[in-house]
Each structure stands twice: as C-alpha cells, then as structure tokens.
Amino acid sequence: MSTVRTPLCDRLDIEVPVVQAPIGSVSCPDLAAAVSAAGGLGTLAVSWLGLDATESVIAATRERTDRPFGVNLVLDPDTTIHATEDHLTTCLDAGAEVVSSSFGDAAPYVEQVHDAGGTVLQTVGSAEAAREAVAAGVDVLVSQGWEAGGHVQSDVATMPLVPAVADVAGEEVPVVAAGGIADGRGLAAALALGADGAWLGTRFVAATESQAHRAYQQAVTDAGAREAVRSELYDGGWPGQPHRTLENDTYADWTEAGEPPVGERPGEGETVARYGNGHPVERYDDDPPIADVEGAVDKMAMYAGQSVDLTDEVRPAAEIVGELVAGACERIDVLSEFAAAG
C-alpha cells in the first residue's frame, strides 16, 4: 500500500504526516493513542487540567500506545491556571516527548523541552510569528490558517499562509498546515504548498474515540462551511480571543439582537447545561459539549472549522488516518500523471 513520508515524520518519529490537533476537552487518551497507533501524532490538550490530572492523562495515553504523542500548552497567562514552567515540568516529568504551544511566546520554554530530550512545536498565524519561532529554536512550525476551528490566531487563509511560513522555515524546520483540512486532498494540497504534514481538529472531533458529545458530533457532520462562524462570543474563560464555532441558538439570538456587547447579550448568565459532576455551564462559557454534559448542549460552543463540509460521518480515528494517507497518495499520483503528460 502506498504511503506518504516527509521530514516531519523523521522529526517526530511518526509513520505518516498526520497530526491530531489539541481539541480542548474533546481530546482524551483514547483519541490521542488511537491516532498515534495508526501512525500519526495524537495530542492531548492539557492547558486547563490540574497538574495531577495532566500526569494522569499522559500516563493513560502511554498505557494505550507505545508510539509518540504530544501535549499542548496554551501560553497566554490570562487564561492558564498554572505557571507555564510548572505545567511544562509536570508534562516532561510524566514522559511527554512532544510539546506543542500556542497563543504566546515559546522562547522561554524551548530550552527546557530540549534539555529533557523533547521536541517543540509552535503554532503561528503569520510569517513574522514564524520568524520569531524559528529564532527561538522551535523544531516544528504549525501554520494555522483563518479557516481553522476552535480558537484562532490568524487573519490569513491557509493557502497563502502555508507557503509564506514554509519560506521562513527553510529546509531545517518542518511545517504542518492547519485550517480547512479534512481529507487526503487537503493533505496533498498542504504538501504542495510547502508543508510537511497536516494538522486536523474538526475531523477528529467526529472520531469515535473523541470525548465530543454525540449531539456535537452530529452537528459537525451535518453542518456546511458557512455555518462555521468566527466571533469572540464564547468568552467565559477566555475573553477577547477569536474562535470559530457552529451557528446555534446562542449565536442566532445574539446576532438577531444586533450583536450587543458583554453584559447586554440575550440569556447572559443563564445555565444551559451541566457536567456529570453537576458543574454548571453558562450560555457564553467557552466549554465545548463533551460526552457527560447534560442539558441544552446545542447552546454551547461547538468549535468547528470550515472543513465541516468534508466531515460527514463519525469514524474510528485509525480509519480517518488511513483514509487521509490513501487519499493523499491517490491525489499525488494524479498530479504526477499531469506533470508527466506536460
């Protein structure tokens, strides 16, 4: 069977250039391990976990696979619950070998990861940010375009951003394309743009192993690209940070009211759902619906990118990875025929 191998695979010790994005609390050991076992890189989002919980999810993932997997830390000090150095120490001591970071400057932490024998990925949204990350010594750049779901740090679309970042990275630093990718054609396109792999979030929300609520997964598989809208609406927990979510009643009520500011939004302060432990979720909180949430989950933040048009069913993670690679190989073969014919 044909496969795809790039410098990213060598840098991360993975078999295929597919990375599961750290999709917040929807990520979990079962999902990360399944992606890694299939040859890609699974990732755990640990930024909002306690230190003990961080240790636990890393250990649980390691129990499920002996392949490499990563952890992600958001560096914005206004939203994190631990000092980044302390949280990073916990991750490294627990055995994390790949650390991705976003929404902040990775420079103060690169040496700490390298001293532990780890690899650093940094998400960037511009060529300028890419230059800063390369100067800081990061090992891999994640070039996140405007189309991406979840919290977004770029105003540039994936297609023009990836080659610009690749030009900055040169031959020494692999680039992973993120934003709007959900199938093998997207992976092949990312490689054609100069990336060394693809980073997918929305597609893995709709993986069997993810912790996404079934209603959330159904909404993702039913939605079209125009229903994945960008705003700063779900600010409970992370104010002022743009994000892309699916349109729902919360979004519709807000737009119909004329997009009023914080303090004047419809239903503000209303509890719309609760976690299994009884913890409430208010209408504009930034929590995505996970499996144990009960209530009006359709009023919560359903993070998704414009690749929802290409995400039409829930599948096991291994099948998703396999189809991505097979589809990319098929498209590369077609392009090779075009080149030969020319």
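Results, tabulated for the structure shown:
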quantity	calculated
Candidate set: segment 1-39, residues that are of a type in the set (S, T, N, Q) and closer than 24 Å to I290 by Cα; chosen: the one surrounded by the fewest Cβ atoms within 10 Å (Cβ to Cβ)	S25
Residues of segment 295-334 satisfying the condition of being surrounded by fewer than 13 Cβ atoms within 10 Å (Cβ to Cβ) and over 22 Å from the mean Cα position of the chain (by Cα)	D333, V334
Every residue from segment 305-320 that is of a type outside the set (D, E, K, R) and within 14 Å of S210 (Cα to Cα)	V314, P316, A317, A318, I320
Any chance V281 is of a type in the set (V, I, T), surrounded by 13 or more Cβ atoms within 10 Å (Cβ to Cβ) and in a helix (DSSP H, G or I)	no
Hits in segment 203-230 (condition: farther than 26 Å from D30 by Cβ and touching a strand residue (DSSP E or B) at 6+ places or on another chain (Cβ under 7 Å))	E227, V229, R230
Segment 59-72 - residue that is of a type outside the set (S, T, N, Q) and surrounded by fewer than 23 Cβ atoms within 10 Å (Cβ to Cβ) and, of those, nearest to G104 (Cα to Cα)	P68
Any hit, segment 285-293, residues being at pLDDT 95 or above, over 19 Å from C28 (Cβ atoms) and touching a helix residue (DSSP H, G or I) at 6+ places or on another chain (Cβ under 9 Å)	no
Residues (β-branched (V, I, T) and in contact (Cβ under 8 Å) with a residue 24 or more places away in the chain) located in segment 272-308	V272, I290, V293, V297, V308
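Per-residue answers, yes or no, for (1) buried (at least 18 other Cβ atoms within 10 Å of the Cβ); (2) without any contact (Cβ under 8 Å) to a residue 12 or more places away in the chain; (3) within 21 Å of P17 (Cβ to Cβ):
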residue	(1), (2), (3)
V74	yes, no, no
I81	no, no, no
S100	yes, no, yes
H114	no, no, no
G117	no, no, no
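The values are calculated or read from the model by the stated rules, or taken from the named source; none is laboratory data. Treat the numbers as computed from the prediction; the structure is a model and nothing was measured. So basically every Cβ, Gly included, is an ideal-geometry build from the backbone, and we count neighbours across all protein chains shown.
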